[in-house]
Amino acid sequence: MSEAVVAERGLFERAAKPLFVATIVTGSFLLFLVQPMVARMALPRLGGAPAVWNSAMVVFQALLLAGYAYAHLVTRVRPRLQAGIHIGLFALAALWLPIGLLAETLPEGVSPAVWAPWFLLLSIGPLFFIVSAQAPLMQRWYALESARGEPYALYAASNLGSFAGLLSYPLLVEPLLTLKQQSLLWTGGYALLVLLVGLCALTIPAHAVEERHRPTTPAPPLRRILLWMGYAAVPSGLMLSTTTHLTTDVVAVPMLWVVPLGLYLLSFAIAFADRRRAANGFTRVAPIVLLIGGGFAFSEGAAQPLFNATIGLGVLLVTAIALHTALYRLRPAPDRLTGFYLAMAAGGMVGGIFCAILAPILYDWAYEHPILMLAAALLVPQRALFPIIERMPRAVGWGLLAVAFGLSYAGDMRVADWIDTNWAAIFSVGIALLALLFIGRRLPFALAFLALMLSYGGWQKLYQSERGLRTRSYFGIYTVNSRAFPPARILTHGTTLHGVQSALPGEALVPTSYYARGSGVGHAMASAPVLYGPNARIGVVGLGAGTLTCYALPTEDWRVFEIDPAMVRIARTRFTFLKGCAPQAKIVIGDARISLSREPAHRLDILAVDAFSSDAVPMHLLTREALGVYRRALAPNGLLLVHISNRYLNLAPVLAAGAKADGWAAAGFQYEPSIEEVVHNMSISIWIAMSPDPKALQRLEDASGADRRNWVTLRPRPGFAGWTDDHASILPILEGWRSWLPAR
C-alpha cells in the first residue's frame, strides 16, 4: 500500500469518531424533534384526546422498533451493500418531504384513537422509520474497524442528541417558528443527515467487504435477552408513570411531561458514557434514593408540589441511570450490537404499552407507578450495606417483614385512636430503616420497600378503589368524595377541582364553584331569557359534574359537548345536576372543536367553553381557527364564554389577540366570592365573554345589574400575536392567573 493511501486512510480514521458522533447526534435530534412537531400539526384535526396521543406514542415506539429491527437484519449483508441499501431507503423516504400530514380529515363516526395511528403512520412512517434506524446502524459501521474501540459510547451521544431535540422544540422551535417553517427546518436537517450518512459509508474499511459482516461471538441466551428487555422496559414505563403521577396527583404544570422524558434520555447518556465514575456512583446510591423518594409513590403531595415533583424526578433519574448501567454491563460484543438495541427497543415498547394502553384499562388509579417502582427495587443493582444481613436467618427476615406490613397498615389507616400523624411518620421511618437493612437481598428489600410505599397513602388508595370512589379513562383519573366543610360532594381530576354539589339543605341544585350565580358565566346563563328569549339555544363545551345545566329552563335547547364518556356516566350517576335540571339536554361525545364544526351554522345563542380538565390547556381550543369554529356555531349576536382560571397560565392575552384580529368584542369578569358565599361552595373564577356583535356584550353587562362594573374590556398585550393552528407557544403566557386584569 502506498504512503499516500496510508496517509489518506489515517485521515479518514482520525475523522471517523467525530463524523459518526455528528451523524448519530443529528439523527437523534431529528427523531425527538419530529414527535412533538407532528403532534402539534395534528392537534386541530385529531383533537386533544389523550387516547389519541397514547395511540400516537405507540406508533412512534412501533416505528422505532421496526427501525431497530431493520438495522439488525441489514447487517447480515456485506457492509458496503448495507450502505447502498440504507442510502437508497433514505432517498425513497424523501418522497414524503417536506414533512407534514396528509390532507385527509377524520371521518365522521370514527374514533380518533383508532384512526390516528394509521393517519400518522401514512403521514410520517417512512421518514421516522429510516431516521430511527441510523443510530444502531452507524454504531455497527463504526465497529467494523477494530482499532476504533467500542461503539457503545456513541449511544450516549445519541441520547444527548435526543435530549437536545426534545428540549429545543418547546423552548426554541415552537415559540419562534410557524409549522411550515418547522417543516422546512426538519427537511433541511434530513438532507444534512443523508450527507453525513454518505460520508460515514466512505469510512467502511475495504477489508470489511468480505469480512466481519456476520457475528463471530456466541448468540446470547434467552435469559440474557429477557434481562435486556426488562432493564429497558422498567425505566421506559417509569418515565411515563412518573409523568402521569406528577401531572395527576402532584402538580399539572404545562410542559411538565418534557422533564421526565428529558431525564430518561439523560440517563442513557450517563449510563453508556466512556467515563464510568458518574454511572457507577448513581448506581451505588440507587437503592437508598428509592427508599428516600420512592416511598412517596402513593402520596398525592398537592400541599408541597415543588418538593414532591423534585423528589419524583430525582428518583426517576437515579433509578433509570442504575437500570441502564446494569444494561450497559450486560452489553454484548460489538458484532451483536444491533440485536442488543433491538431487545432494548422491544423492552421500551413493552413499558410504553403497559403505561399508555393497559394501565388505564386495568386500574382506576395510577397504580402502574408504584408497580414499576417495585419492579425497579427488584432489578436495581445492590450491594449489602450491613454484613449482618448475610447471616440473618430467613425466619427472622420474614418476621421483620410481617411487622413492617403491620406497621404500614396501622399507620396509614389509623387503626387506633392514639395513632396520629406523628406516630404514622415514626412507623414509616422504622420501615425505611428495615428496608435499608435488607439492601443486598433483592426480594426482602423489594417487600420492605412495598410496605414503605403503602404506608404513605397506599392502603387508603386501595380502600378507595375497593369502594369505587374513582373512575379512570384515557382522559384522566376522576375521584368523587364528600367533604365536611363546606358540606358538599366534590369531583376532582387529580388535584384539579371539576365540580361541587352542595350538601346544604335545599341547595343541591344551586350552581356552585366556578359557575356561581355571581360569576361571569352565571350572569350570562341567568340572563339568557332576557337576551335571547325563552327558547334560547345554549351550548356547553365540557360537562364536568353538570353544574352549568342547572341554569337550563324547560323551553331552552341545551346541548353539551363532552370528550369523555366516563365523565357523562359520573354526571348522571354520582351527581344530580343533569338529572334534576336538564334531563332533556343532548350530550355530544367527541372533541368539541371537531363536533362543533359538524353542527349547522348559527344554531347557538350562547356557547360556554370549559373544557380544560386540568391546568394543562388544549391549545387547539383557543387558536384563531378555533374561534372561527365557535363564531360559525354562534348566531350573529351570540355570546361566547370561555373559562380561563388557571394556576400557571394567563390565557387572557390569547383571547384578546384573537378578538382583535377577527373583530370580536371581548370583556373579562373576575368573580371573588365573599366569605358567606365560600361557605355555600362558591369559588373564585375568571370568565371571558366575546361576541361578534358589540351590542350583545353591552346587553350582557346591562343584565348583570350591580356587577356590571366587574366586566373589564379585554385589551391585547403589545407584541403578542396570540395563537393560531400554525403557531402557538405557552412560554409568553407563563405567569400567575391573577395578573390578567388591566389596571382600572
Where in the stretch 567-610 does the label zone of GLU625 land, with the point 7 angstrom along Cα→C-beta and an amide N cut-off under 15 Å?
592-598
Accessible area of the stretch 666-740 belonging to carbon and sulfur atoms, whole % at 1.4 Å probe
54 percent
Where only protein heavy atoms count, and the probe is 1.4 Å, what is the accessible area per residue for the stretch 578-704 in Å²?
34 Å²
Probe 1.4 Å, all chains present, heavy atoms only: LEU185 accessible area in Å², nearest 10, is 90 Å²
Can you give the charge dipole size of the stretch 409-503 about its Cα centre, rounded to the nearest 20 debye, using +1 on the beta carbon of Lys and Arg and -1 on the beta carbon of Asp and Glu?
320 debye
Using +1 at the Cβ of each Lys and Arg and -1 at the Cβ of each Asp and Glu in the chain, identify which of LEU177, ILE124, ALA135 lies farthest towards the dipole's positive end.
ALA135
Modelled FRET efficiency - R0 25 Å, GLU672 with ALA601, Cβ distances, 0.05 increments:
0.10
Here FRET efficiency (C-beta to C-beta, GLU507 to VAL77, R₀ 56 Å, nearest 0.05) is 0.15
Prolate/oblate/rounded call for the chain, Cα gyration tensor, a/c under 1.5 rounded:
oblate
Need one value: the accessible area of TRP459 in square angstrom, 1.4 angstrom probe, rounded to the nearest 10.
60 Å²
Dipole in debye (nearest 20) - the chain, about Cα centre, beta carbon charges: Lys, Arg +1; Asp, Glu -1:
1280 debye
Lys and Arg at +1, Asp and Glu at -1: add these up for the other residues within a Cβ distance under 14 Å of PRO360 and post the number.
-1
Residue span ASP693 to ALA66: 0.36 nm per residue of separation minus Cα-Cα distance leaves a gain in nm of 220.3 nm
Do any cysteines in the chain lack another Cys Cβ under 4.7 Å, and if so which?
CYS200, CYS355
Select from ALA665, PHE60, ALA402 the residue farthest towards the positive end of the dipole of the chain; place +1 on Cβ of Lys and Arg, -1 on Cβ of Asp and Glu, and compute about the Cα centre.
ALA402
Expected output is a single nm value to one decimal: the length gained when fully extending between LEU202 and ALA402, i.e. 0.36 nm times separation in residues minus the C-alpha distance. What is it?
65.6 nm
Between the modelled labels at ARG569 and LEU222 (7 Å from Cα along Cα→Cβ) the distance in nm is 3.9 nm
List the residues of the stretch 475-508 whose backbone N lies under 15 Å from a point placed 7 Å from the Cα of ARG467 along the Cα-to-Cβ direction.
479-485, 488-492
Full-stretch length increase - ILE85, ALA395 - with 0.36 nm per residue and alpha-carbon distance subtracted
105.4 nm
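The values are calculated or read from the model by the stated rules, or taken from the named source; none is laboratory data. Here the structure is a predicted model, which means the values were calculated and not measured. Every residue, glycine among them, receives a Cβ derived from its backbone with ideal geometry; neighbour counts consider all protein chains shown. Accessible surface is based on the protein model in full, side chains and every heavy atom, while ligands, DNA and RNA are left aside. Shrake-Rupley method; radii C 1.70, N 1.55, O 1.52, S 1.80 Å.
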